[in-house]
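Note sheet for the following structure.
Computed from the coordinates by the stated procedures, all read-outs in this text should not be read as laboratory data. This one's a predicted model, so the numbers in the text were calculated from it and none came from an experiment. All Cβ positions, even for glycine, are placed from backbone atoms using ideal geometry, and neighbour counts span all protein chains on display.
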Ligand SMILES: C[S@@+](CC[C@H](N)C(=O)[O-])C[C@H]1O[C@@H](n2cnc3c(N)ncnc32)[C@H](O)[C@@H]1O
């Protein structure tokens, strides 16, 4: 059981065998995302594109026609089953570590519950997450993001949190040097903020779609005097986030709410950040979230978001096809609809001035990240 000298950060340790299995899954995922996708691209350039042209008199123009070109490729079918299997194995192996450690996390939660809290946790008993996300097992996470009403589980948050670095490294967006639970992406987004704006000293910071809260800690680390808030739909994630933050002695206020309707006061925040929130929202909710962010910002406040860089106009047809496959088969149902969205237009429609919005790409690992947002007029 975790004690004060061994907090949850040090308690979260895969055993030798779990670590070996997780390393295997990471290597398998790295292989299917890297080498196998390169082989698919070569097959397309050398053969499939020409077969399609012979049949249709033109090259594939979009992900749908591209998928048609790939449909009978044995390599594509093998790639699909390898991605699917590696995702299952990821949940299984990380799940073993989380299931083994959940009692220690619960014991720590019970112990911390006896002390005054630094931050807070506001859950709503009758909260119903919006459609369609509440019916989807995002990332094919077993059981999804939302537990049954009245549940007190920590494992949904633990399982998500346990997979973040493994998944990121296998996508080429990390180098394997970051321990599970370090707020590496929060820190990265703060770097993206610094690259775009002069230093700021926010009084209050909001992490929209904070999930299990592990990235939120980066904002308190960077701005120790600021009040830091995290809002998410998922009670299990927030419950985990509250425990994780309190365990590390970090004051964060977690609130269960839709990012489009947080219930927080006008102009409360000088900085609003989201990390991979928007590619998990349907396009009818995205404009409302942007309006809410604009309402919550104080004059001169900054809204900055980091998300998936899969806008189709910058992707080859094979990459559009493999992304589309993930949408259909691998628990990423909103990826492409988000990628099709003109976020600058949406930000302007939400109230940001055209001269104050941005949407571009920053390097990350061997890839890139999509960074977008706006500054509220003064
Ligand atoms: C991919 S997770 C990212 C979590 C966290 N930002 C991180 O980086 O670890 C996306 C999160 O967005 C949340 N989410 C999706 N739609 C939302 C909405 N409309 N309002 C609030 N949170 C939302 C999900 O519950 C999930 O926790």
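At-a-glance table
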read-out	value
Modelled FRET efficiency - R0 56 Å, residue 104 with residue 65, Cβ distances, 0.05 increments	0.60
Among 212, 129, 148, residue whose mean-square fluctuation peaks in a GNM of the chain (springs only between Cα atoms under 10 Å)	148
Burial ordering of 171, 220, 114, fewest other beta-carbon atoms within 10 Å first	114, 171, 220
Three-way shape label, the chain, alpha-carbon gyration tensor, a/c 1.5	oblate
For the chain, built as a Gaussian network whose Cα springs stay under 10 Å, the top-fluctuating residue of 299, 333, 116	116
Cα centroid of the stretch 312-373 to Cα centroid of the stretch 257-271, whole Å	24 Å
Mean separation of Cα contacts under 8 Å (6+ apart) over length of the stretch 20-142, as relative contact order %	29 percent
Distance in nm between pseudo-label sites at residue 122 and residue 203 (7 Å out along the Cβ direction from Cα)	1.8 nm
Ascending count of other beta-carbon atoms within 10 Å, so fewest first, for 115, 21	115, 21
Relative packing of peptides 335-345, 37-47 - highest average C-beta neighbours within 10 Å first	335-345, 37-47
Highest-fluctuation residue, 110, 359, 251 considered, GNM on the chain with Cα pairs under 10 Å	110
Over the chain, relative contact order from alpha-carbon pairs under 8 Å, at least 6 apart, %	17 percent
Among 72-79, 285-292, the order from most to least packed when residues are scored by Cβ within 10 Å on average	285-292, 72-79
For the chain, calculated [θ]222 nm from helices alone, where every DSSP H run of n ≥ 4 adds -39500 (n - 2.57)	-13500 deg cm²/dmol
Separation of alpha-carbon centers, the stretch 116-170 and the stretch 31-48, rounded to whole Å	34 Å
Cα-based shape type of the stretch 96-140, given that a ≥ b ≥ c are square roots of the gyration tensor eigenvalues and the cut on a/c is 1.5	oblate
